[in-house]
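Worksheet: the structure to be examined is printed underneath.
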Amino acid sequence: AQIAALYRTLLGRDAAPEELAAWTNSLRAGIALQDAIAGLCDGCEYKANHAGAAAFVESLFERLLNRASDPDGKAAWLAALDHRASTLSVIRGVLASTEYCAQRATELHERMLGREPGDNELSDRILELMHGTPLQTVVVGFASSAEYIARAETRAIVAAAPAPAPSGPSGPR
């Protein structure tokens, strides 16, 4: 499902069965989800869909950071490309940015723990992502936390509880 969503988000189409299988097998073999994202963004199809340095950089802001570029940020990435940085290094730079890592850590926190993070609650996870820790590893960190386990146990108890008996009319009409 994750790879299928990436194809729709990054390439604007559904993945062919063999593409889906290849990336899924790569993830199962241990590559970081960020590497799959980088591979798709650095591919010929993505670059053809966003031809030219300015369009390419703008697309990374829109698809990876979920916003339009700011003038300084866009100028910095364009300057890097002008100075012969590879498109892959620019993609990896965005994927390792504080903004991208904070967004992913916050999304995972909210999805897995069911609440917004408190002040400084995500700093370690953001730093892990900035230093290249795979997103999958961060997910495991959340899933193995005492808070997540307690939440899962509570959900299981609620799901196993018998449904209340339906209440009918309280007397003759």
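The values are calculated or read from the model by the stated rules, or taken from the named source; none is laboratory data. These numbers come from a predicted model, not from an experiment. Quick reminder, even Gly has a Cβ in these numbers, built from the backbone with ideal geometry, and neighbours come from all protein chains shown. We work out accessible area using only protein heavy atoms, side chains counted, and drop any ligands, DNA or RNA first. Shrake-Rupley method; radii C 1.70, N 1.55, O 1.52, S 1.80 Å.
Computed values, structure above
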{"quantity": "Count of segment 73-117 residues which are farther than 30 Å from A146 by Cα and among the polar types (S, T, N, Q)", "calculated": "3"}
{"quantity": "Count - residues of segment 113-136 that are touching a residue at least 60 places away in the same chain (Cβ under 8 Å) and either farther than 17 Å from A102 by Cα or open to solvent by 60 Å² or more (accessible area, probe 1.4 Å) (or both)", "calculated": "1"}
{"quantity": "Counted residues, segment 61-90 - those being touching an Asp or Glu at 6+ places or on another chain (Cβ under 6 Å) and either open to solvent by 50 Å² or more (accessible area, probe 1.4 Å) or part of a helix (DSSP H, G or I) (or both)", "calculated": "2"}
{"quantity": "Which numbered condition T137 misses (of (1) among the β-branched types (V, I, T); (2) assigned to a helix (DSSP H, G or I); (3) closer than 22 Å to R63 by Cα)", "calculated": "(3)"}
{"quantity": "Failed criterion for E110 (all others in (1) open to solvent by 70 Å² or more (accessible area, probe 1.4 Å); (2) under 20 Å from D35 (Cα atoms) hold)", "calculated": "(2)"}
{"quantity": "Complete set of residues in segment 141-151 that are free of Cβ contacts under 8 Å to residues at least 24 places away in the same chain, under 22 Å from L33 (Cβ atoms) and surrounded by 11 or more Cβ atoms within 10 Å (Cβ to Cβ)", "calculated": "G141"}
{"quantity": "Of residues in segment 1-60 being open to solvent by 60 Å² or more (accessible area, probe 1.4 Å) and not in a helix (DSSP H, G or I), the one nearest to K74 (Cα to Cα)", "calculated": "A51"}
